[in-house]
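The block underneath contains the structure these notes are about, expressed in structure tokens.
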Amino acid sequence: MNRAIIIVIDSCGCGALPDAEEYNDTLKCNTLGNVARVVGGLHLPNMQRLGIGNIIDIDGTPPVDNPVASHGKMAELSKGKDTTTGHWEIAGLVLDAPFRTYPEGFPEEVIKPFIVQTGCKEILANMPASGTDIINRLGEEHQKTGYPIIYTSADSVFQIACHVETIPLEKLYDWCKIAREILIGDHNVSRVIARPFEGTPGNYKRLSADRRDFSVIPTRSTILDRVKDEGGNMVAIGKIEDIYVKRGVTHAIHTGSNKEGIELTIKAIKKQLDLDKIAYFKPENPKMELIFTNLVDTDMLFGHRNDPQGYAEALKEIDQYLSQILEAMTDEDLLIITADHGCDPTVEGTDHTREYVPVIVYHKNIEAKNLGTRKTFADVGGTVAAWLGMHWVEPGVNML
């Protein structure tokens, strides 16, 4: 049974796309390269031998003469620079138009029905903001009034932050579901995000494990649907099930950190993950398997917070675990490591950046090659389809 493993290092872009300025990004954005430069060098020995230093210049991780994996970078064909757009394209779904954003906050025709249908009485904020900043600024008022903190960013997101002792998790999730039903048609944002937090004024902390993303439903079939429809296991680790609204997902488990996500991925590769406990659907005698993991800490904890040192440490943690992943792989396994967009913590602003993303394709017996610059993230979907023996008609071609 052939298996494919996709690991998305969230926001690990590798240089500005030519149209970056159209998205209000500087052409200097280069998440991976700039992080390495700012921290005085970034040593990633396992990624190095796979060829990541052969894709772009990375201080501390120079190119090698004979990488063991195929390596290159991919341009985003879709319009946008958000998580949903990037992941959908990875899976073969290219968007012709970007999701709507709200740089001035959400209009009355969104906020008024939200207040009425949730019964929350009022809201706080309704503006673009950094999540940690807005919680620190308005968390105490939220706890006194019970009003939810509503905020957005340069991305297409409607985020609801609530203290878990003020608004219980299930109520927060219910409010997100209501917002998701409101945000359709002309206001079809890509994600409604539950942002629970805990603590006391001046010491608030977001609860990553309890975050939930309520995404718009994919508009067309993806590689996830194909795997499920053809009798395979599609194992989602991290926020993958939220991004695809469970479409095509047979098994799923949320994570609270990159460490947990990587360790669960290793268990899945070693067939030590209890699939029965996390099953939405159990294929009979699965013919193939796709393990799809998102590692969000690079983006959520460090990219958006302008923390290049933390970003570098997160990359080093992933690199350290990579040796265990490679050792666990069999001749039936194909590994693809990539990203969904950029979020350069070294440039002005706290939002995603429109960047190329690295792509590494590894198999124990692969003839490693320079993949150059791919025209679309969908080449990941095309490669997975070919590896799993499926005919592929969506955008994207086989990189093997």
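The values are calculated or read from the model by the stated rules, or taken from the named source; none is laboratory data. Values in this document were obtained by computation on a predicted structure and should not be read as measured data. Cβ sites come from the backbone with ideal geometry, for glycine too, and all protein chains shown count toward neighbours. Surface accessibility is based on the protein's heavy atoms, side chains included, excluding ligands, DNA and RNA. Shrake-Rupley method; radii C 1.70, N 1.55, O 1.52, S 1.80 Å.
So here's what we get for this one:
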item: Residue match in the stretch 190-198 (condition: open to solvent by less than 40 Å² (accessible area, probe 1.4 Å), touching a strand residue (DSSP E or B) at 6+ places or on another chain (Cβ under 7 Å), modelled with pLDDT under 95 and closer than 30 Å to HIS87 by Cα); result: yes
item: Strands (runs of 3 or more DSSP E) lying entirely in the stretch 284-400 (those with 1 or more residues that are within 25 Å of GLY248 (Cα to Cα)); result: 289-295, 333-338, 357-362
item: Residue selected from the stretch 41-51 under the condition surrounded by 21 or more Cβ atoms within 10 Å (Cβ to Cβ) and out of contact with any strand residue (DSSP E or B) (no Cβ under 6 Å at 6 or more places or on another chain), by the criterion farthest from GLY310 (Cα to Cα); result: MET47
item: Filter result (surrounded by 22 or more Cβ atoms within 10 Å (Cβ to Cβ) and either in a strand (DSSP E or B) or not hydrophobic (A, V, I, L, M, F, W, C) (or both)) within the stretch 55-66; result: THR61
item: Count of the stretch 209-227 residues which are surrounded by fewer than 19 Cβ atoms within 10 Å (Cβ to Cβ) and in a helix (DSSP H, G or I); result: 2
item: Pairs where the first residue, in the stretch 158-179, is within 15 Å of SER208 (Cβ to Cβ) and the second is outside any helix (DSSP H, G or I) and of a type in the set (Ser, Thr, Tyr), C-beta under 6 Å, 6+ apart; result: GLN159/TYR151
item: Residues of the stretch 67-96 that turn out to be more than 22 Å from VAL35 (Cα to Cα), surrounded by fewer than 21 Cβ atoms within 10 Å (Cβ to Cβ) and modelled with pLDDT of 95 or more, as a count; result: 3
item: Tally, over the stretch 25-40, of residues that are farther than 13 Å from VAL357 by Cβ and open to solvent by less than 30 Å² (accessible area, probe 1.4 Å); result: 4
item: Residue within the stretch 299-321 that is more than 24 Å from LEU17 (Cβ to Cβ), among the polar types (S, T, N, Q) and at pLDDT 95 or above present; result: yes
item: Output for the stretch 1-42, where each listed residue is assigned to a loop (DSSP other than H, G, I, E, B) and closer than 30 Å to PRO286 by Cβ; result: MET1, ASN2, ASP10
item: Criterion (in contact with a Pro (Cβ under 8 Å, 6 or more places away or on another chain), buried (at least 24 other Cβ atoms within 10 Å of the Cβ) and not aliphatic (A, V, I, L, M)) met by exactly one of TYR356, TYR311; result: TYR311
